[in-house]
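Student: Take a look at the following structure, please.
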């Protein structure tokens, strides 16, 4: 009797799990295998631009660290930038899915160039999701009229993952806010025309994060805004990363997003839309690693065979291919979910965490397949290894993503 | 200027694809293979759009002959700046045997119907390398032709064409209406920008059948066999 009881228990558990799975898959109508004609055309333009114009120029930008403005200007002219800007501000109002397709192609060319372009989307996102009509027209409109850059100014020397620990202060004085503080690792910091700035407006340490911070739009030429020197980083070296000092910077109250105290939610809300493209960028890098390694493996001979014919190498390539395909599916799911109007935090974090990890793995494996040549700067793969590392750090570290995923997962489970 | 330009765009196997001959040796594998606009046709579209931007012509019409898929090629031309498209429907066996003679008859008929002042074509297609359609079209219309053009200048109602020939560069002056075929160095075709791709969706493509133009597309040629060269460059 006890045995039968156990069987029934197990069957009913399995039925419940199957039902949950069925409910889950029935809601899926995303077709990952066929893009629309327009998506294919967009992807074609991005692919052509990346392979014909970014790939040849990337090594010299990496060596010199010079800001790749000619490439950025070209991308802007082709409409490959600022895709999220709504149509009534002169943009194309693209969804996150379409933006991700473009990002992956550009990242294939060079993730330094792609990050400089992506930082625009990150800076714009708070304005797109939380700006009023006047703010959107003013700050998004100008981005479509000339190739301008903007930046997302949140991280500080003492607070990265712990956003609630930022110390930059904004004090209301009449019709203005006076800002003092120090930001760090701001992409496009020295090139931006305006910044999205997160600062603390409520000095009470007991005030909760959801009320203590305010989001501002700051014109870069406001007196008191001092970008620091260009930081020399391990990879994505042509991207402009700086510290920025704010000394008695006056911001008009018209430049507050939503209202005092709404900043934290805006800053975090932007990530749901920008993490899928970052994952797409990491996937583009991994795809490049896979293609370079495959090409080399079909040219280099060892022990009488092409190295691709040795299982040790072909298995490495197979695992790289597995990772690239899965990372792509992950970011596409995350992008599609948010385009459908649903909260995608779970999927966005999974995509970003996974893509960042596999980008590093694939880049390392590519160097391995190239052997001694891979370690050398005359070959393209050592750059990929140096460029990949930051994908496990910016836009939420690999560890923070795991925190988010576990919280979301446990939250769902408890329901 | 109220001139109307017809530009021919051909959908061909993409230049980067490795061509494979079908096992029955009746042709090459086209199923599932990447296709794109013939590179010389891209140059032709670019030249037409440039003339429109200089306000020397009023309307650029992109024309392609073939099955449903050629609409993608017409859309690319629209995204590059053509104003509207004409899809001449040819499919099945007729499409397999479609060649320069039939296409030039179609273009001649369209030129009369659309009252075109200028026809710009690519000098040849990269799949058949015929290099005949431009010349035949001009002959059928009894229009002057400027082939292998590496420079085209509109001067009042005459066309100055610099042609690339074996001996060097030949400059000729021809009357309009005329047929021009584009050679490699005529210009560098622009990318279709994303906003233009979106705008192209709103531009019109009209469908027309060869019979409507009074053209018989049956072929006088029969392909006996298609086979791969054993070694390139050796007889």
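Student: Which of the following residues is within 14 Å of chain B (Cβ to nearest Cβ), closer than 14 Å to residue A:274 by Cα, assigned to a helix (DSSP H, G or I) and in contact (Cβ under 8 Å) with a residue 60 or more places away in the chain: A:103, A:115?
Tutor: A:103
Student: Right, something else. Can you go through B:164, B:170, B:151, B:155 and tell me which one is modelled with pLDDT under 95 and more than 14 Å from every other protein chain (Cβ to nearest Cβ)? Let's see the steps before the verdict.
Tutor: Details: B:164 fails: modelled with pLDDT under 95; B:170 fails: modelled with pLDDT under 95; B:151 fails: modelled with pLDDT under 95.
Exactly one of B:164, B:170, B:151, B:155 is modelled with pLDDT under 95 and more than 14 Å from every other protein chain (Cβ to nearest Cβ), namely B:155.
Student: Just checking, how many residues over segment B:70-114 are assigned to a helix (DSSP H, G or I), more than 14 Å from chain A (Cβ to nearest Cβ) and farther than 30 Å from residue B:225 by Cβ?
Tutor: 7
Student: Going through segment B:176-204 one residue at a time, which ones are surrounded by fewer than 17 Cβ atoms within 10 Å (Cβ to Cβ) and under 17 Å from the mean Cα position of the chain (by Cα)?
Tutor: Result: B:184, B:185, B:188.
Student: Are any residues in segment B:202-217 out of contact with any helix residue (DSSP H, G or I) (no Cβ under 7 Å at 6 or more places or on another chain) and either touching a residue at least 60 places away in the same chain (Cβ under 8 Å) or away from every other protein chain (no Cβ under 14 Å) (or both), and if so, which ones?
Tutor: Correct list: B:204, B:206, B:207, B:208, B:209, B:211, B:212, B:216.
Student: Here's another thing I want to ask about it. Being at negative phi, assigned to a helix (DSSP H, G or I) and at pLDDT 95 or above, is that true of even one residue in segment B:54-68?
Tutor: No: zero hits.
Student: Determine, yes or no, whether residue B:128 is away from chain A (no Cβ under 14 Å), more than 17 Å from the chain's Cα centre (by Cα) and surrounded by fewer than 16 Cβ atoms within 10 Å (Cβ to Cβ).
Tutor: Values: away from chain A (no Cβ under 14 Å): yes; more than 17 Å from the chain's Cα centre (by Cα): no; surrounded by fewer than 16 Cβ atoms within 10 Å (Cβ to Cβ): yes.
Considered against the rule, which asks whether it is away from chain A (no Cβ under 14 Å), more than 17 Å from the chain's Cα centre (by Cα) and surrounded by fewer than 16 Cβ atoms within 10 Å (Cβ to Cβ), residue B:128 comes out as no.
Student: Considering (1) within 13 Å of chain B (Cβ to nearest Cβ); (2) over 18 Å from residue A:285 (Cα atoms); (3) touching a residue at least 60 places away in the same chain (Cβ under 8 Å); (4) outside any loop (DSSP other than H, G, I, E, B), say which one residue A:74 fails and leave the rest.
Tutor: Result: residue A:74 passes all but (3).
Student: Also, I was wondering about something else. Here are some conditions: (1) away from chain A (no Cβ under 14 Å); (2) in contact (Cβ under 8 Å) with a residue 12 or more places away in the chain. Residue B:224 meets all but one. Which one does it not meet?
Tutor: Checking residue B:224 against (1) away from chain A (no Cβ under 14 Å); (2) in contact (Cβ under 8 Å) with a residue 12 or more places away in the chain, the one that fails is (2).
Student: Could you tell me which of the residues B:121, B:141 is crowded, with 20+ Cβ neighbours inside 10 Å, in contact (Cβ under 8 Å) with a residue 60 or more places away in the chain and in contact with a strand residue (DSSP E or B) (Cβ under 9 Å, 6 or more places away or on another chain)?
Tutor: After applying the criteria, what remains is B:121.
Listed here are the residues, each with its yes/no results for (1) farther than 20 Å from residue A:149 by Cα; (2) within 12 Å of chain B (Cβ to nearest Cβ); (3) part of a loop (DSSP other than H, G, I, E, B).
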| site | (1), (2), (3) |
| --- | --- |
| A:39 | yes, yes, no |
| A:51 | yes, yes, no |
| A:55 | yes, no, no |
| A:119 | no, no, no |
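The values are calculated or read from the model by the stated rules, or taken from the named source; none is laboratory data. Here the structure is a predicted model, which is why all the values come from computation and not from measurement. Cβ sites come from the backbone with ideal geometry, for glycine too, and all protein chains shown count toward neighbours.
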